[in-house]
Amino acid sequence: MFVALTDRTLFALAVILYGLAAVYSIFSFRRGFREDNWINYGLLLLALAVHTAAMFKRGFSLARCPIHNLYEAITFVLWTIAAVYVVFGSWSRLRFLGAFAAPLLFGAGVFALMPPLDPPHGENPVFTGGWVSLHAALTLLSYGAFGLASVAALMFLTQDRDLKVRKIRAILSRMPSLQRLELVIGRLVLAGFILLTLGLASGALRLPGTVGIAAYWTDSKVVWSACVWGMYLVLLVLRWRYAHRGRRFALSAVGGFAFVLMTFWGTNLLSTIHNPGPSVAPPAPPPMPIR
């Protein structure tokens, strides 16, 4: 069935399934997460399968890892979030992460489907090669880890609020304890930071020699990535050195990923390395005079 569909059509189907999961999440909120059912998890699992088929089809058609424009980058990050959730969701106590992940996956998926984010191939030349693909994959995987950390942080904040305002709802809820959620957030942020460090290091080893040292270190996306790296480094240091924990740590995780979401596309569009302009063909030679 998937063979006759284009990769964008498959991804659109995955976004629809993410949307259905987001709608079902509203009912989970209203019931206070008192039921351990598989409907939301099943919808996200099915969406992940269709999403995976879309990415494989795009990758096989291009004969490379599909991570070289904004559409492909966003779909890769969303796939990472969904895949990690499916693994975590196999444990019933973390299955309700899907109620927080589904709206994020749906909203970002709708944004990714905007036509300007996926120009026809050949209009915008991109850097290719295994090393650069590794750099892009590691960096985007880190954003996926940060995204899931923010989802867990939203779950933490909901549980924390219920304990203070709706104590009965918090007692009846099947969500994990605050201590366990904070541990999950911390490990996801640490994993994302390690992946981002490796991704930036791999880019710094290769790209300056391709585009020039000055052009590389003044590029908007490079400067932005360094700021994101520093922001999460500060967050980790505050947590382990200065007891920046609990609600403050959860709010920081949500705020950090919100900053990434709101600024990623803009810095990417401004970057001359990650979003090169259309190549200009050399002028044709003048016609030979007729003798």
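The values are calculated or read from the model by the stated rules, or taken from the named source; none is laboratory data. Every value quoted in this text rests on a predicted model; they were computed, and no experiment measured them. So basically every Cβ, Gly included, is an ideal-geometry build from the backbone, and we count neighbours across all protein chains shown. With ligands, DNA and RNA removed, areas are computed over all heavy atoms of the protein, side chains included. Shrake-Rupley method; radii C 1.70, N 1.55, O 1.52, S 1.80 Å.
If packing is taken as the average count of other Cβ atoms within 10 Å, what order do 188-195, 260-267 fall into, highest mean first?
188-195, 260-267
Could you report the range 78-117's accessible area per residue, 1.4 Å probe, as an integer in Å²?
37
Efficiency by 1/(1 + (r/R0)^6): what FRET value for V223 and A258, r their Cβ-Cβ distance, R0 = 25 Å, to the nearest 0.05?
For V223 and A258, the calculated efficiency is 0.85.
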